[in-house]
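Each remark here refers to the structure printed beneath this line.
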Amino acid sequence: MSKVKCVLIGSGNIGTDLLYKLKRSEVLDPVWMVGIDPESEGLARARDMGLKTTAAGVDGVLPHLVADGIQIAFDATSAYVHKENSEKMNAHGVFMVDLTPAAIGPLCVPPVNLDELAETMNVNMISCAGQATIPIVYGVSRVQGVEYAEIIASLASLSIGAGTRANLDEFTYTTSDAVCAIGGAKKGKALCIINPAEPPMIMRNTIYCMTEEAPNEAKITASLMEMIEKVQHYVPGYRLVNGPVFEGNKVGVFMEVAGLGDYLPTYAGNLDIMTAAAARTAEMYAEKILSGELKLVAEAV
Amino acid sequence: MSKSDLHGRKVICHDMCLRDGMHAKKEQITTDQMRTFAEAMEHAGVPMIQVTHGAGLGGNSLQHGFALHSNEEYWDAVAPVLNNTVMSVLLIPGLGTMDELRVAHAHGVRSVHIATHSTEADTSPQHIACGRELGMDTSGFLMMAHLNTASGLAEEAKKMESYGAQTVYVTDSAGYMLPEDVTEYVAALRDTLDAGTEIGFHGHNNLGMGIANSIAAVRAGASRIDCSVAGLGAGAGNTPLEAFVAVCDRMGIETGCDMFALMDMAEELVFPMMDHIVRIDRSSLTLGYAGVYSTFLLHANRLGEKYGIPPRDILLELGRKKMIGGQEDMIEDTALSMLRDREGQSAA
């Protein structure tokens, strides 16, 4: 089966972990990795794995996109530079999967809305916390109205790279917006805590939903179990630790996400859930490209 | 008695009873109480007071509790009665945002503690820069300081200074530090930071060390001390302001605060409104002994009752799991896991 060729922009934690996922894909073929630091470990690793690399930023790869047949780009840099990266890629007819919190394209949580995404050249993966918690919010809101949802993500310090650290406000805004837009809550809030404990703690997520009417405990529990199973198809370490706990109209769910240990060890489930979701989303578009259903058009370049 | 070696030192006392004290009141302080307290502190010459939800900007949540009023309502109640006293807020990146800091500034807030865990200073550069751009007195606030080494904390403090922080705090969120620890940590910061950067100390009285630690901090070079009238704050409370001022008066440390006015305020205004007497009881003592975030106290008490587990056991387990400020959700999670383990054991 032929594969769709891809470029990864960003050679940090997320870009590197994503590279491992793409290497296993049956429809995606990572060809280029873009960085900004010639000394970057991520670029060196990518070269070892047979990729072409540039340390000259996105502009370093633009002249090669057509010749190398690149059709999908992944941006794992920062919200501040994403828009420019995306415009440059789109102009060359390259579809963009955005792993920053920039959120200029439609938001995607695969088990919730992958099949319903509108025609677009840019899709946004929200945040690791969004990927880990929105399936739960949706699991409640598809049963009954959710007036307010709040998610708390605890992340191991070693798993959080410079980009995320410099984007915490964007992280919380994008995630809380998505808790409403995709999760289906009327109002949403996202909190993020970085914990440096040794040995590092596994990514934890707590989700609280305030239902409008008294919660239907049996239906909500069944709905949540089904959503958790759907996420487990692409992130096997996605696990319910405690709950659902019902207290008045409050539904509390306590999750953990263990990663596959591709790049960082298994505690960094936040990397896996983000990169696995991005890979799954890109595969859906790749299949459409391969079948001719999706035609990518370059502007005059 | 001989004259203290600290005679003539100047210290800025920063009161926390309308922020850290919100924790002890489960965020239920009224705007009238806020205004009355602020008036009393202005009258007593307290130079700075912090006024927000206990968890700071963005704190209103299921995780941290919903306050009786919005921060804007609290600031608008307090700002009109202040002349010389500066109003400050707390901002923890990941919870509060720069947009909220801009709103605070528009409501008269002129100083901010930008808080991170003691090892995570690099989540604060945007927020510290934002405080400075607004022209605010901007402090970096390194929480749970005991979970870093003295030299490690000094490195984090240096980062905050490089982002623009004018003061950096050693924050003993768990009330775990002893005076010799405070001396070592503050001295490490003093050696590392520029001479023009101030050092602050924020203590909790869980081991009864609030005042001794604050004096140790002053001796090692701190010039800002967070206190709270009647100690109203999380855990066994903060360093009681009226008692700290009394000790400073005796030692000749200049605070500019009126000790008699503050002890009247503690007795007549603060103690009567406490829901529980903020003191060293077995739960708050456990916080200090095990190095657990002081704000966990009331959550552990409530959930301990709900699930029939002694709060002390829950707090010790949270300490063992190295949970930090902001992980209040993990208290219920931990209680549920402990309950499952205990039921499993009794069934077997």
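At-a-glance table
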read-out	value
Filter result for B:M160 (more than 13 Å from every other protein chain (Cβ to nearest Cβ), touching a helix residue (DSSP H, G or I) at 6+ places or on another chain (Cβ under 9 Å), closer than 19 Å to A:A162 by Cα and surrounded by 24 or more Cβ atoms within 10 Å (Cβ to Cβ))	yes
Residue selected from region B:293-326 under the condition of a type in the set (A, V, I, L, M) and either farther than 21 Å from A:L155 by Cβ or free of Cβ contacts under 8 Å to residues at least 24 places away in the same chain (or both), by the criterion nearest to the other protein chains (Cβ to nearest Cβ)	B:L303
Residue within region A:252-263 that is within 19 Å of A:F74 (Cα to Cα) and in a loop (DSSP other than H, G, I, E, B) present	yes
B:Q63 crowded, with 19+ Cβ neighbours inside 10 Å and within 14 Å of another protein chain (Cβ to nearest Cβ)	yes
Residues that are touching an Asp or Glu at 6+ places or on another chain (Cβ under 8 Å) and within 19 Å of A:N270 (Cα to Cα), drawn from region A:124-140	A:N124, A:M125
Tally of residues being over 24 Å from B:S337 (Cβ atoms) and modelled with pLDDT of 90 or more across region A:264-277	5
Some residue of region B:271-292 being touching a Ser or Thr at 6+ places or on another chain (Cβ under 7 Å), touching a residue at least 40 places away in the same chain (Cβ under 8 Å), within 29 Å of B:E39 (Cα to Cα) and more than 14 Å from chain A (Cβ to nearest Cβ)	no
Residue satisfying condition, being assigned to a loop (DSSP other than H, G, I, E, B), surrounded by 24 or more Cβ atoms within 10 Å (Cβ to Cβ) and hydrophobic (A, V, I, L, M, F, W, C), within set B:I314, B:I324	B:I324
Set A:Y148, A:Y80: member being surrounded by fewer than 22 Cβ atoms within 10 Å (Cβ to Cβ), farther than 19 Å from A:G183 by Cα and either aromatic (F, W, Y) or not assigned by TED's automatic domain parsing to the domain that holds A:H64 (or both)	A:Y80
Considering residues of region B:327-348 that are hydroxyl-bearing (S, T, Y) and buried (at least 16 other Cβ atoms within 10 Å of the Cβ) only, the residue nearest to the other protein chains (Cβ to nearest Cβ)	B:S337
Residues that are more than 12 Å from every other protein chain (Cβ to nearest Cβ) and not acidic (D, E), drawn from region B:66-75	B:A67, B:L68, B:H69, B:S70, B:N71, B:Y74, B:W75
Any hit, region B:76-90, residues being part of a helix (DSSP H, G or I), buried (at least 20 other Cβ atoms within 10 Å of the Cβ) and at the interface with chain A (Cβ under 9 Å from one of its Cβ atoms)	no
Single match in A:I104, A:I151 (criterion: in contact with a Lys or Arg (Cβ under 8 Å, 6 or more places away or on another chain), without any contact (Cβ under 8 Å) to a residue 40 or more places away in the chain and among the β-branched types (V, I, T))	A:I104
Any hit, region A:83-94, residues being surrounded by 22 or more Cβ atoms within 10 Å (Cβ to Cβ), under 18 Å from A:L296 (Cα atoms), in contact with a strand residue (DSSP E or B) (Cβ under 7 Å, 6 or more places away or on another chain) and aliphatic (A, V, I, L, M)	yes
Sole residue being hydrophobic (A, V, I, L, M, F, W, C), assigned to a loop (DSSP other than H, G, I, E, B), farther than 17 Å from B:I280 by Cβ and in contact (Cβ under 8 Å) with a residue 24 or more places away in the chain, chosen from B:A222, B:A157	B:A222
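Here is a yes/no grid of residues against (1) part of a loop (DSSP other than H, G, I, E, B); (2) without any contact (Cβ under 8 Å) to a residue 60 or more places away in the chain:
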site: B:A188; (1), (2): no, yes
site: B:I211; (1), (2): no, yes
site: B:V218; (1), (2): no, no
site: B:G233; (1), (2): yes, no
site: B:E268; (1), (2): no, yes
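The values are calculated or read from the model by the stated rules, or taken from the named source; none is laboratory data. All values derive from a computational prediction rather than experimental measurement. Here the Cβ is made from the backbone with ideal geometry for all residues, glycine too, and neighbour counts use every protein chain on show.
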